[in-house]
1. Check the straight Cα-Cα distances from C:Lys89 and name the aspartates and glutamates below 18 Å, setting aside those fewer than 8 residues away within the same chain.
2. I'd like the mean, over residues of C:32-38, of how many other protein chain beta carbons sit within 10 Å of each residue's own Cβ.
3. Going 7 Å from Cα along the Cα-Cβ axis for the label, what nanometre distances separate A:Asp26 from the same residue across the other copies?
4. Starting from 0.36 nm per residue, how many nanometres of slack lie between A:Thr295 and A:Asp77 once their C-alpha separation is accounted for?
5. Send over the Kirkwood Rh of region B:200-292, from the inverse of the averaged 1/r over different Cα pairs, rounded to one decimal Å.
6. Starting from a label point 7 Å past Cα on the Cβ side, list the distances from A:Asp70 to the same position in the other copies, nm, shortest first.
7. For region A:150-238, what does the convex hull of the Cα positions come to per residue, in cubic angstrom?
8. If I take every Cα pair under 8 Å that is 6 or more residues apart in region A:296-350, average their sequence separation and divide by the length, what percent do I get for the relative contact order?
Amino acid sequence: MGGLLGRVAHRLADLAGLIGGQVEGDPDREVESVRTLEAAGPRDLAFLNHPRYRAEAVASRAAALLVSRDLAAGLRDGEPPRDLLVVAKSADVPLALSRLLTLFHAVEAPEPGIHPTAAVAPGCAIDPAAWIGPYAVIGAGSTVGARAEIHAHVVVGAGCTVGEGTVLHPHAVLYAGTEIGPRCIIHSGAVLGADGFGYATSGGAHHKVPQVGRVVLESDVEVGAGSTIDRATLGETRIGAGTKIDNLVQVGHNVQTGRHCILCGQAGIAGSTRLGDWVVLAGQAGVSGHIHLGTGAQVAAKSAALTSVEPGVQVAGIPAVELKRWRRQTVLLSRLEEMSRRLRALERRLPASAGDTAGDTLPEEGGD
Amino acid sequence: MGGLLGRVAHRLADLAGLIGGQVEGDPDREVESVRTLEAAGPRDLAFLNHPRYRAEAVASRAAALLVSRDLAAGLRDGEPPRDLLVVAKSADVPLALSRLLTLFHAVEAPEPGIHPTAAVAPGCAIDPAAWIGPYAVIGAGSTVGARAEIHAHVVVGAGCTVGEGTVLHPHAVLYAGTEIGPRCIIHSGAVLGADGFGYATSGGAHHKVPQVGRVVLESDVEVGAGSTIDRATLGETRIGAGTKIDNLVQVGHNVQTGRHCILCGQAGIAGSTRLGDWVVLAGQAGVSGHIHLGTGAQVAAKSAALTSVEPGVQVAGIPAVELKRWRRQTVLLSRLEEMSRRLRALERRLPASAGDTAGDTLPEEGGD
Amino acid sequence: MGGLLGRVAHRLADLAGLIGGQVEGDPDREVESVRTLEAAGPRDLAFLNHPRYRAEAVASRAAALLVSRDLAAGLRDGEPPRDLLVVAKSADVPLALSRLLTLFHAVEAPEPGIHPTAAVAPGCAIDPAAWIGPYAVIGAGSTVGARAEIHAHVVVGAGCTVGEGTVLHPHAVLYAGTEIGPRCIIHSGAVLGADGFGYATSGGAHHKVPQVGRVVLESDVEVGAGSTIDRATLGETRIGAGTKIDNLVQVGHNVQTGRHCILCGQAGIAGSTRLGDWVVLAGQAGVSGHIHLGTGAQVAAKSAALTSVEPGVQVAGIPAVELKRWRRQTVLLSRLEEMSRRLRALERRLPASAGDTAGDTLPEEGGD
């Protein structure tokens, strides 16, 4: 998995340039690592991007803090005073952190080449700048691009394509015909291209519908550990460029996602559903088959979108409704007990008369 | 994973015979592949089984369409006219498709034999017509039947049985003692026979209860990628013949399923629960331990069956209730806001008198 | 995976001593196996710890039954009479069972040593009493303790620590830098140390925040098949001593669990959340990020804890509320239809007057 490169010190002024921020304090202060507020010491940078962690920030022994303007006040106090690396708003902190961590914690790429224990079938085109690790198995006719890393025990089926700079972590599996674009990251235990779940039921038995399509990942897709993306029955299951998929997510056959979607842990999408760009499925969300989530639609955690969602709409609940409405329902649900008491109180104040009683006992279900 | 056999053209008349359908148009028209409506061209067959996709069918360049009688009207129009392969009803399309895909996309089985890198322990009985792939590991005393395929990196523990024609895809794992019947398919990352989740808690610590039972799959079972079926504490966890399990499904220890059950993606069954035949768990459904789902019972997507379900009953919700009742509850939930307004309106029209007020403010919780 | 040792017969009197129980019947009766009520025969012990299975116990052919005092009455009847191994209460049965199964079904540890096909990188410290199985891959600078078992196809990244007596089942994966304490069990397909799900979104694209922390498991942790525990962004994701994790559980980056927690199948914890000791997540439960579940808190099956939970509190529902309250809500939900009818009956008895009507039709949403 490559080793960490040696640590190098960087001046705060240089870091500010890198992230488009400003130094409050000593621009020549040097740091050589980014660590948590608790673990950081006099050679480390830490960060604060939520008031929730302010006390830890104040108590931190970090040499310097990355922080947004609105949270910076008072953080320089202390002895010795802390230096600050300030960005405009808290939403800027993650990008700054991304750049700083990339700088400080660069991972050394493995030396290109094919490990002697790797089993590469005839007819493969392995770029000389790619790395194939121990016990990796590459099926016939597959293509692996430059700077791709295929780690230990990865199985790439026949006729697959692995793009430039794509990393397949140990134990990732690509079934035959899978195509992965450039700069993707596939984590351990992810399975791409297994058969979709399709059967024809006849005479009480389920007859397998052969799944002869494939899986295509466009560029810059990340797939988390243990996630599964099924091949299409016919055609393609396709994951759009820049889409990020967390762990243990299930993507059914024939699904198409747009670009830059976010599928959080344990979310699931049933077959043939289409997602626009920038769709977000929060953790453990579920999406029915054969529906459409418009661009920018969001499904809340633990919710189930059973019908299509318009672009830009946030939904929640089971079945999912618009988020605002779900919130009101949730509040009302918590008041049901009170409503029940009030209803009873009204009934006491208004005893049913002889004439009323009839109406009360008539079956009304159909009319409700 | 074997290669695709070369393509062979087939006459529509012959295909109609295979699927028990009728040709509308030219019985001698030849096709050599089944493709999606969008991708199909003048040598391809496509299919339509839902009015939702009618526009795509009309626009398709497919030479011929597989379609049900009720959807066939008007589909021959066009220039050149399309030929139709018509089955009686839309429910017949999947079975027809299953047969056509099996014909057109037959996968060549790997040559029988044991790959030189496979590690087969002493005392195994490997049928000469079986295939053991690269880096597969087979534990002592295991049996592998004829035409079984054990793909790359599969681990079969000691004392396992793999039935005739069963396929274990790359990275499937069978713990010791697992028994798989004939014609099963186990996808990558599936784990059969790991320890059930059983502990005895004493003095605040959880002491492992050794799980010494095993997992048995009867014939024609399919297990999806990343699914887990735990071994029994004692005795067997058993999956009935013809049961199909999707991806990332969890089956707890001592569970017994009947025949021809369908467990959709990310469903879970807690320990010691029994399912009759033809039970369906929709996606992300959960089932409590130590209960019984009768033959033909169905649990809706995202629902949680916390108590036993009678045969043939469909349930939904958390906790799951009969589907009809859940639907009414869902409608009523959406009307809660309106009910709340109506309740308030009534209260305004009927101001509490001095005498009523007492009743209204008395605690009534116990009596509700 | 080691073989079962030969069976040895044990006297009931000796077994009673082992488990702190009493014999009712013949203390010299010998048994040599623990089996299910259905499968047990004249040389076997079976157990009963729930009245639900009493009929099976009565019908069992077991030579002896492990049972709690309250369930023992009448169980000696039969011809020949059964002997009983009686513990004080049903909660004692699992611990007794744990000890008996450990005695009867001891698994032979594999012979220490490194399999010739294992790929152990330079600079590793492998204890001579450890076992490294076929095709296992150990990265540079890793440490493996005495009596550890690293089964076939396990990948241990660079700089990992595997504690004494810890077992990594086939296909478990540890990313670089992961630390596993002594006596842990990691099941097949579990992935420890994959990247946390962290991105900085800028200009519509999600930029990866490098995840440079690690995963630490303290002692006596068990991780089920296919479960995933992500490395921290910075610092550690930490699983407390004695915590037991079932299959297909997702633990996000930076999560910290206390000791002796129980995370049931398919549960998920989002990033940076902290769990106290003895926290229980039931099956398919979800927990939001950045919150705190106090010591002894419990989240019910299929529930979603979206906010912090006080110590010792049981919560249920989506969003989760106190269990008692959730139960009342559930009951009230089931009565909604009846409430709706009663509301309508009241409205009939109290027709809106001209003055009332206005109030009824005014928009009141804001005031509700």
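1. Of all the aspartates and glutamates, those that pass the test against C:Lys89 - Cα under 18 Å, at least 8 places apart if same chain - are C:Glu24, C:Asp70.
2. Numbers: counts 0, 2, 4, 4, 7, 2, 2.
Mean inter-chain Cβ contacts per residue within 10 Å come to 3.
3. 8.6, 8.6
4. Working: separation 218, 0.36 × 218 = 78.48 nm, distance 4.57 nm.
Computed gain between A:Thr295 and A:Asp77 is 73.9 nm.
5. 13.2 Å
6. List, nearest first: 5.6, 5.6 nm.
7. Details: hull volume 7.4 nm³, N = 89.
Value for region A:150-238: 84 Å³ per residue.
8. Details: 57 pairs, mean separation 13.1, N = 55.
Answer for region A:296-350 is 24 percent.
Every read-out reported here was derived from the displayed coordinates using simple, explicitly stated rules and does not represent laboratory data. Quantities reported herein were computed from a predicted structural model and do not represent experimental measurements. Reconstructed Cβ throughout: ideal geometry from the backbone, glycine too, with neighbour counts over all protein chains shown.
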